[in-house]
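Single-structure report; data block below.
Values in this text are rule-based calculations from the coordinates and carry no lab data. These numbers come from a predicted model, not from an experiment. Reconstructed Cβ throughout: ideal geometry from the backbone, glycine too, with neighbour counts over all protein chains shown.
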Amino acid sequence: IPRMQRGLPQKRNIKDVKKVIAVSSAKGGVGKSTIAVNLALSFARRGYRAGILDTDIFGPSIPTLLNLSGEPRLSNNNQLLPLSNYGLKSMSMGYLIPESSPVAWRGLMVMKALQQLLHEVDWDGLDILVLDLPPGTGDVQLTITQQLVLDGAVIVSTPQDLSLKDAVKGVELFKKVNVPILGLVCNMSGFICPSCNTSHEVFGPLHKIREMCAKHDIRLLGDIPLDAKICEDADRGKPTVVAEPEGQKAKIFGDITREV
Ligand code: ADP
């Protein structure tokens, strides 16, 4: 039955953007924004016109991760102009409100801000836009999945049971609205101890995530180790793919973009 007849609004495209991919996680703090920004940068490194849209209204991370700040300028037709660094265009609520002021908005204000981020940005022609979703399956995710044409979703999880169980719920949400699941990225998969040089599975064994993926017919796109350098890079606004473009981790991100 067509969406209109079911009383659902027609899904909308993001203007001037060829492909839109959502990066999602069930829990906060599993590295979703880190993965999203590194994927977007890997697309840019491969020659695509790439952008990242931070849809986390309450805790935007993209300005810090890309070392960008300041208010976006407006185009002639009053659209927000993205801020760019490392060859990547970006837009985030973090550019629109001062860092020090906590956002204590009610639902309606949040939805208004979200609509502005989704439909009032002048991307000026992108091959690929990565959406960094807030964690969980709340209002913002529902609005995005129900109202927007998404070409696919990438799920981020650690190998921990707690994170994996909820990741499955996120997968179900995308399946329900017919958004293809491109695959899962396992973050913080293992820690190579600098003293003894052996790998420790801090958040649980990788085979669990493989089993979960097989059970739910999800492709495991790759795994990123727990590494203090990733954390440092993030804090100084130089994501791993930029900080160590020829390093092993940049290669993993590059491989994932190829899979996607
Ligand atoms: P989320 O978007 O899921 O809330 P973030 O991307 O903000 O997660 O990451 C949470 C914290 O973990 C950040 O401090 C980030 O730098 C760090 N982090 C993410 N992935 C890794 C990793 N593989 N190794 C070490 N630290 C990581």
Check: Amide H of I224: which non-local residues (sequence gap of 5 or more, or other chain) have their own amide H closer than 5 Å, using H built in the peptide plane?
Finding: C186, N187, M188, S189
Check: Pairs K18/K229; K112/K238; K89/K251; K112/K169; K208/K229; K19/K89: which are spaced more than 24 Å apart, C-alpha to C-alpha?
Finding: K18/K229; K112/K238; K112/K169; K208/K229
Check: Among all stretches of the chain without exposed GluC sites (Glu not before Pro) (DSSP loop, at most 11 other Cβ atoms within 10 Å), which one is longest?
Finding: 100-245
Notebook entry, point to check: Based on the alpha-carbon gyration tensor of the stretch 17-259, what equivalent-ellipsoid semi-axes (square roots of 5 times the eigenvalues) come out, in whole Å, largest first?
Noted result: 28, 21, 17
Check: To the nearest 500 deg cm²/dmol, what mean residue ellipticity at 222 nm is calculated for the chain from DSSP H runs of n ≥ 4 alone, each contributing -39,500 (n - 2.57), summed and divided by the residues?
Finding: -10500 deg cm²/dmol
Next item on the list: Please work out the Cα center distance from the stretch 137-169 to the stretch 63-84, rounded to the nearest Å.
Entry: 26
Item checked: Extension gain from R210 to L142, taking 0.36 nm per residue of separation minus the Cα-Cα distance -> 21.8 nm
